[in-house]
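Colleague: Here you go, one structure.
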Amino acid sequence: MKINGSKILFLFFYIFLFSTVSFSQTVGKIYSKEEANTLFGNVIDSASVSLCDLISAINQNQNYVMFQIINGELIILGDGRKVLYPVGKNVDPNEVFALYSKSKVVELLCLSSGNTVAVEKRQSHLTVTFGLNTLEESWLCPPFCP
């Protein structure tokens, strides 16, 4: 069996990411893209981040990852609402973000292949899509900020 370099690299990232995950309460559920469209409606707005940038951002974090699109710009926060992406961005502490367990984001990234992750605003939901799968069932932070 021949394994190419990109699969080995992806496996390395998966092991590294998963090894840093704290096994606290899991937030988020993964759906097929079709199922997400049916349950949560069509995408109204979206912003994307490269897979490498997302992996780099969540590697700086232990438990939770938060996403929001503000004025067309994707912002990613980590534990304690620390800004992970883009570096140096200031965020209003009252701005509401969609919070997911880091382990669910890692699981989503392991289910597909590609170079870009889309964060999508829908009618009343914010979803994260990679390949043919979509992550939702987030907590809103605030008010639920572990």
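The values are calculated or read from the model by the stated rules, or taken from the named source; none is laboratory data. Note that the structure is predicted; figures quoted are calculated from it, not measured. Cβ atoms come from the backbone with ideal geometry, glycine included; neighbour counts cover every protein chain shown.
Colleague: Given the residues 51, 84, which is the only one that is in contact with a Gly (Cβ under 9 Å, 6 or more places away or on another chain), over 22 Å from residue 140 (Cβ atoms) and not polar (S, T, N, Q)?
Modeller: Step by step, each of 51, 84 is checked, and only 51 is in contact with a Gly (Cβ under 9 Å, 6 or more places away or on another chain), over 22 Å from residue 140 (Cβ atoms) and not polar (S, T, N, Q).
Colleague: Could I ask something else about it? For region 7-28, enumerate the residues that are at pLDDT 55 or above and surrounded by 14 or more Cβ atoms within 10 Å (Cβ to Cβ).
Modeller: Scanning region 7-28 gives 10, 13, 14, 26, 27, 28.
Colleague: Condition first: surrounded by fewer than 17 Cβ atoms within 10 Å (Cβ to Cβ), under 22 Å from residue 73 (Cα atoms) and in contact with a Gly (Cβ under 6 Å, 6 or more places away or on another chain). Now tell me which residues in region 107-136 satisfy that.
Modeller: Within region 107-136, 114, 123, 131 qualify.
Colleague: Quick check on this structure: which one of 96, 87, 91 is surrounded by fewer than 21 Cβ atoms within 10 Å (Cβ to Cβ), over 16 Å from residue 60 (Cβ atoms) and of a type in the set (Val, Ile, Thr)?
Modeller: Exactly one of 96, 87, 91 is surrounded by fewer than 21 Cβ atoms within 10 Å (Cβ to Cβ), over 16 Å from residue 60 (Cβ atoms) and of a type in the set (Val, Ile, Thr), namely 96.
Colleague: Pull out all pairs, ordered by first then second residue, where Cβ-Cβ is under 8 Å, the residues are six or more apart or on different chains, the first lies in region 65-78 and is on the phi > 0 side of the Ramachandran plot, and the second is aliphatic (A, V, I, L, M).
Modeller: 72/47
Colleague: Can you find, within region 29-46, the residue that is surrounded by the most Cβ atoms within 10 Å (Cβ to Cβ) among those that are of a type in the set (Asp, Glu) and in contact (Cβ under 8 Å) with a residue 12 or more places away in the chain?
Modeller: 35
Colleague: While we're here: Taking residue 100 as the residue in question, decide whether it is modelled with pLDDT of 95 or more and under 14 Å from residue 70 (Cα atoms).
Modeller: Spelling it out, it is not the case that residue 100 is modelled with pLDDT of 95 or more and under 14 Å from residue 70 (Cα atoms).
Colleague: Moving to a separate point now. Take region 99-112 and flag every residue that is out of contact with any helix residue (DSSP H, G or I) (no Cβ under 8 Å at 6 or more places or on another chain) and farther than 18 Å from residue 62 by Cβ.
Modeller: Across region 99-112, the qualifying residues are 111, 112.
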